[in-house]
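Note sheet for the following structure.
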Amino acid sequence: MTRWVAGVVVGVVVAGAAVGCDVPPAPDAAPGPSGIRPPAPTVAAPPPTIAAPPPAAKGPACPPGGVRLAEGAGDAAMGLRVADIQLVNCGTEPYVLEGYPEVRLLDRKRAPVEVAVQHGGDGIAAAPTGTEGDPQRVELGPGQAAGFGMVWRNLVTDSTVPAAEGWVLEVTPRAGAPRVELELRHSVDLGNTGKLGISPWKAAAQ
């Protein structure tokens, strides 16, 4: 009897399971990998680098006095030397010159050279050398130039006296002005004559 009851119960349970509420279907299986990779994200290329232009070359600084010196043309024949020195207004204001510059020579060690500076070339050259002429007033605007000439002889008359040679020129353009210095490409080779003639300031040819 016990088996029969169990069988009925079992039968009812089975029947209930078959006839009762609907059982939802099993979910579909997740799709597997397809083997195709999605495209990689696009990365924008950085803009090309533009190199900064090199700094502009700068000329030499203008000295405190507002003028600078430059070595001009020269000539040498039979021991007679002639040289031209230019003065340029590198400042922003007019610069007035009058009369003669004050000149001093230094040797390679920047020691003063013993020399007598005179106005004109008398006693140095028999013929005109460009150091002649009367002093005149010269006004230089910014960027304009004036000049003066120098004349001397490379002559040794006494072998016991060392020959003098100037490699640095110091010029005071006008009274009270700062001294301006110029290192020469060609020396003032005075021998032992000890004389240097200079001209007054002259406006540069336009």
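The values are calculated or read from the model by the stated rules, or taken from the named source; none is laboratory data. Note that this is a predicted model, so its numbers are computed, not measured. Here the Cβ positions follow ideal geometry from the backbone for every residue, glycine too, while neighbour counts run over all protein chains shown. Heavy atoms of the whole protein, side chains included, go into the accessibility calculation; ligands, DNA and RNA do not. Shrake-Rupley method; radii C 1.70, N 1.55, O 1.52, S 1.80 Å.
Data overview
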read-out: Pairs where the first residue, in the stretch 179-206, is within 24 Å of G133 (Cα to Cα) and the second is open to solvent by 70 Å² or more (accessible area, probe 1.4 Å) and assigned to a strand (DSSP E or B), C-beta under 6 Å, 6+ apart; value: T193/R153; T193/L155
read-out: In the stretch 132-141, the residues that are modelled with pLDDT of 95 or more and loosely packed, with under 14 Cβ neighbours inside 10 Å; value: R137, E139, G141
read-out: Hey, Y95 more than 30 Å from the chain's Cα centre (by Cα), modelled with pLDDT of 95 or more and among the hydroxyl-bearing types (S, T, Y) or not; value: no
read-out: Residue among G197, G121 that is part of a strand (DSSP E or B), of a type in the set (G, A, S) and out of contact with any helix residue (DSSP H, G or I) (no Cβ under 6 Å at 6 or more places or on another chain); value: G197
read-out: Filter result (more than 34 Å from the chain's Cα centre (by Cα) and not in a loop (DSSP other than H, G, I, E, B)) within the stretch 160-173; value: A164
read-out: Within the stretch 145-159, tally of residues that are assigned to a strand (DSSP E or B) and open to solvent by 30 Å² or more (accessible area, probe 1.4 Å); value: 2
read-out: Number of positions in the stretch 160-173 that are in contact with a Lys or Arg (Cβ under 7 Å, 6 or more places away or on another chain), β-branched (V, I, T) and surrounded by fewer than 19 Cβ atoms within 10 Å (Cβ to Cβ); value: 1
read-out: Residue that is surrounded by the most Cβ atoms within 10 Å (Cβ to Cβ), among those in the stretch 174-206 that are under 14 Å from R153 (Cβ atoms) and under 34 Å from the mean Cα position of the chain (by Cα); value: V188
read-out: Cross-chain or 6+ apart pairs with Cβ under 8 Å, the stretch 88-113 first and outside any strand (DSSP E or B), then open to solvent by 20 Å² or more (accessible area, probe 1.4 Å) and aromatic (F, W, Y); value: D107/W167; R108/W167
read-out: Residue count for the stretch 151-177, restricted to those that are under 20 Å from A204 (Cα atoms) and touching a Ser or Thr at 6+ places or on another chain (Cβ under 7 Å); value: 1
read-out: Selection count where residues are open to solvent by less than 60 Å² (accessible area, probe 1.4 Å) and either of a type outside the set (V, I, T) or in contact with a Pro (Cβ under 7 Å, 6 or more places away or on another chain) (or both), scope the stretch 77-99; value: 14
